[in-house]
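Inspection log for the structure reproduced underneath, given as structure tokens.
Computed from the coordinates by the stated procedures, all read-outs in this text should not be read as laboratory data. These numbers were taken from a predicted model, which means no experiment stands behind them. Counting neighbours? That spans all protein chains shown, and the Cβs are built from the backbone with ideal geometry, glycine included.
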Amino acid sequence: MDLIVIGQGYVGLPLAIRAATAGYKVIGFDLNENKINRLKAGYTTSPDVSREQIIKLQEQNKIEFVYKLPSIKQKAIFVIAVPTPLDLNHEPDLSMLKNACQIVAKVVKDDSLIINESTSYIGTLRNLIKPTIDTLSGLKNLIYAVAPERIDPGNKEWDMGNTPRLISGLTNESTQKTINFYEKFCKELKIVSKPEVAEAAKLFENTFRQVNIALVNEFSTIADKFDFSTYEAINAAGTKPYGFMPFFPSIGVGGHCIPVDPTYLSYSAEKVGLETNFIDLANKINLSMAKSVVKRILVKMGGDLAGKRIQIAGISYKAGVSDMRESPAVLLMEELKNLGARLTWCDPLVKSFSDEISIPLDPIIDLGLIVTPHEEIDFSVWLDAKTDVLDLSASPTNYGWPKFL
Ligand SMILES: NC(=O)c1ccc[n+]([C@@H]2O[C@H](COP(=O)([O-])OP(=O)(O)OC[C@H]3O[C@@H](n4cnc5c(N)ncnc54)[C@H](O)[C@@H]3O)[C@@H](O)[C@H]2O)c1
């Protein structure tokens with residue numbers, strides 16, 4: 001069967017490339033015409049896919065990038081990998097997922113397999129995707145499964161091939177066909193009893209991180225008042241050989257998963273009349289971190305930041321990617337600017353953001369702040385100049401200055 005991947009971002013592009021490499025004839029579809037034109041020219045949208053792979057697979061006619069879906073002549077596999085963000089009211093925004101279903105319904109042929117990889121609330125496959133596509137297409141024999149993506153873009157150890165893949169279909173047939181598909185390029189498949197388990201597991205994994213990060217962030221405010229290092233205490237706690245897993249403090253959480261997915265879990269709970277206090281509290285603590293860190297910086301800088309030259313190293317939400325979605329650096333920058341700091345930032349991956357551009361590390365400043373330590377940033381500039389620097393990153397690596405949080 002041919003494969004059509006809906007959405008060519010951090011999730012959809014690596015999948016399309018792996019499947020094409022494994023022998024599928026792939027259509028990589030995205031509504032963003034500019035992104036498609038760039039992909040055709042070999043510009044990647046993911047740190048997990050190289051220019052060479054994109055160009056080679058196109059030359060071999062194994063993959064085609066399109067922003068308008070051509071008519072599909074026979075049954076195929078459709079994988080949906082579109083954004084599932086929050087709206088302005090902080091509620092799940094499934095408009096892009098619904099739109100993807102409408103697009104699939106227009107071209108799909110009977111007996112096709114439709115797999116959802118996008119993260120969404122529990123029951124999305126059964127109660128939203130299937131009824132939408134069945135009704136709009138008028139077809140009776142479409143089969144459906146979920147296989148939530150767990151990719152950590154830029155992670156060199158764990159990728160789509162070696163991270164175990166959760167799978168569940170609405171029928172035994174769809175589960176089996178989904179296994180047949182993923183086993184061509186994923187080493188380990190974990191089949192669960194129904195799609196709701198896979199959807200919930202994906203939400204719970206990221207909620208687990210969100211809550212633990214909030215806990216360690218709160219712990220770091222306690223460490224500050226008692227004047228000890230959070231890192232030293234966490235590492236000390238980590239010597240317990242069982243029942244403990246270390247997390248490290250930061251200025252907050254970012255990206256398309258940790259700040260977003262837990263709200264999909266609380267939304268699932270709300271729909272059945274339950275409250276989720278943990279998730280709301282963790283969101284609140286993580287969102288308050290930028291402000292609380294700036295208060296600590298203010299104390300260190302003698303109570304006044306007006307006119308102080310401050311530079312941030314790395315503003316994307318994590319090292320190795322240019323993704324600015326929900327980046328907590330944005331809140332930090334706002335707080336510092338509100339207090340009158342003369343702020344610049346250096347991020348060789350982001351390059352430009354909100355009418356500002358990345359400036360190389362400047363040694364002649366009042367304070368440097370390490371937020372997202374990309375490999376591409378050479379801290380020797382600050383080390384050589386003995387620049388006053390605070391390391392706010394959650395990375396366990398020591399860049400030459402003690403951790404501030
Ligand atoms: N980024 C991650 O690290 C990650 C990890 C695991 C799971 N996920 C989940 O995977 C899903 C996709 O995330 P992403 O990071 O790849 O997003 P992304 O923004 O990088 O890419 C999604 C692409 O979908 C396109 N798109 C939107 N609506 C479309 C439509 N109707 N038809 C065709 N294309 C459409 C967008 O133009 C965009 O290029 C989300 O549900 C996300 O939560 C993301």
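A few notes on this one:
- Cut-off under 5 Å, modelled amide H: who pairs with ASP2 long-range: ILE77
- Counting charges near TYR231 (Lys, Arg +1; Asp, Glu -1) among other residues having Cβ under 12 Å from its Cβ returns a value of -1.
- The chymotrypsin sites (Phe, Trp or Tyr not before Pro) of the stretch 181-245 that meet both conditions, a loop assignment by DSSP and at most 13 other Cβ atoms within 10 Å of the site Cβ, are PHE228, TYR242, PHE244.
- Net charge over other residues, Cβ less than 13 angstrom from the Cβ of VAL253 (K, R count +1; D, E count -1): +1
- For the stretch 122-134, backbone phi angles converted through the Karplus equation (6.51, -1.76, 1.60; θ = phi - 60°) give residue-by-residue couplings of 5, x, 4, 5, 6, 9, 10, 5, 4, x, 5, 6, 4 Hz, Gly and Pro being listed as x.
- Of all segments of the chain bounded by GluC sites (Glu not before Pro) found in a DSSP loop with no more than 14 other C-beta atoms within 10 Å, the longest spans 1-156.
- Histogram of C-alpha separations across the chain, 10 Å bin width, %: 5, 21, 29, 24, 15, 6, 1, 0
- Backbone geometry of the stretch 244-254 corresponds, through the Karplus equation with coefficients 6.51, -1.76 and 1.60 at θ = phi - 60°, to 3J(HN,Hα) couplings of 9, 9, x, 10, 10, x, 7, 7, x, 10, x Hz, x marking Gly and Pro.
- When each of the peptides 296-309, 8-21 is scored by how many other beta carbons lie within 10 Å of its residues on average, the order from highest to lowest is 8-21, 296-309.
- Amide H to amide H, with H built 1.01 Å from N, ARG165 comes under 5 Å of GLU188, LEU189, LYS190, counting only residues 5 or more places away or on other chains.
- With respect to the chain, whose longest principal axis is taken over its alpha-carbon atoms, helix 277-300 is tilted by about 30°.
- Net charge over other residues, Cβ less than 12 angstrom from the Cβ of ALA145 (K, R count +1; D, E count -1): +2
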